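Throughout, read-outs are computed from the coordinates displayed, never taken from laboratory work. Computed from a predicted model, the values in this text were never measured in an experiment. Cβ atoms come from the backbone with ideal geometry, glycine included; neighbour counts cover every protein chain shown.
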Amino acid sequence: MPVFDLSSTPLRELNSALHALSKGANDTAFEVVNPRGSHAVAVGIDSPVVVDIKGSVGYYCAGMNDGGTVTVHGSAGPGVAENMMSGTVVIEGDASQYAGATGNGGLLVIKGNAASRCGISMKGIDIVVYGNIGHMSAFMGQSGHLVVLGDAGDALGDSLYEAKLFVRGSVKSLGTDCIEKEMRPEHLEKLAELLEKAGVTDVKPEEFKRYGSARKLYNFNIDNADAY
């Protein structure tokens, strides 16, 4: 297993080694020590590699991940797993703002809390947060799932499209066009699957409420034509 010590090795060498995997390199696991809050650690992975980061990272860690499994044994700055396509990213600590932004696929697990705009403009990513999330989370969420075991801040799901939101705790307020919806059997089944994938074993799907789009904001209404 290659070990990269970012206290003595340039970050560019780590990311270059990860990018080389798609060109025939044989390594399947990497360890990163002393990340010291470095930015853009393990970005642009496009192979099924495992990366263990022993410490906290700065912004955009594991951005654009496509197939990798990245674990941060610490906390992450803004934009972790931004625009992720597939694979898994696990944050053992907290995540700063816009975690999982514009994510197209894959699974992001945050075992602490997530700050504001978690899952903003999500496009198919699944996000599971063990703790709480901040305001404006899932803003303009288009598809995918956001699962929150704790509480949600103001304006949850503002301008939401078709992303599905599940919150176990309280919601400070719902954003424009976001409403509470019925939890049907198929939703309980999907939620159980997501909890299992995220390693949550002591929480039941029935403890959550589901939120989604009222579908009034993004549809053209001919009765309001004069307002456009």
Point to revise | Between region 73-138 and region 140-168, the alpha-carbon center distance in angstrom | key: 12 Å
Exercise for review: Sort all Cα-Cα distances of the chain into consecutive 5 angstrom bins from zero, then give the percent of pairs in each bin up to the one containing the longest distance.
Suggested key: 1, 7, 16, 19, 18, 13, 10, 7, 5, 3, 1, 1, 0
Revision key, fill the gap. Amide H neighbours of Gly134 at under 5 Å, excluding residues fewer than 5 places away on the same chain, with H built from the backbone geometry, are Ala114, Ala115, Ser116, Arg117, Cys118, Gly153
Practice item. Rank the residues Leu18, Leu160 as a footprinting-exposure proxy: fewest other Cβ atoms within 10 Å of their Cβ go first. Key: Leu18, Leu160
Check your understanding: With each label point set 7 Å from Cα along the Cα-Cβ vector, what nm distance links Met1 and Ser16?
Key -> 2.4 nm
Review point. Got a sec? How would Lys204, Lys190, Lys123 order by Cβ neighbour count within 10 Å, fewest to most?
Key: Lys204, Lys190, Lys123
Point to revise | Cα-projected label distance for Ala25 with Lys216, points at 7 Å along beta-carbon direction, nm | key: 5.3 nm
**Study point:** Ranked His19, His135, criterion: other C-beta atoms within 10 Å, fewest first
**Key:** His19, His135
Review point. Relative contact order (percent) for the chain, with alpha-carbon contacts under 8 angstrom and 6 or more residues of separation?
Key: 10 percent
Point to revise | Förster-model FRET efficiency, 25 Å R0, Ser143 and Glu196, C-beta, rounded to 0.05 | key: 0.75
Practice item. Give me the percent of DSSP beta bridges within the chain that run antiparallel, rounded to the nearest 5. Key: 15 percent
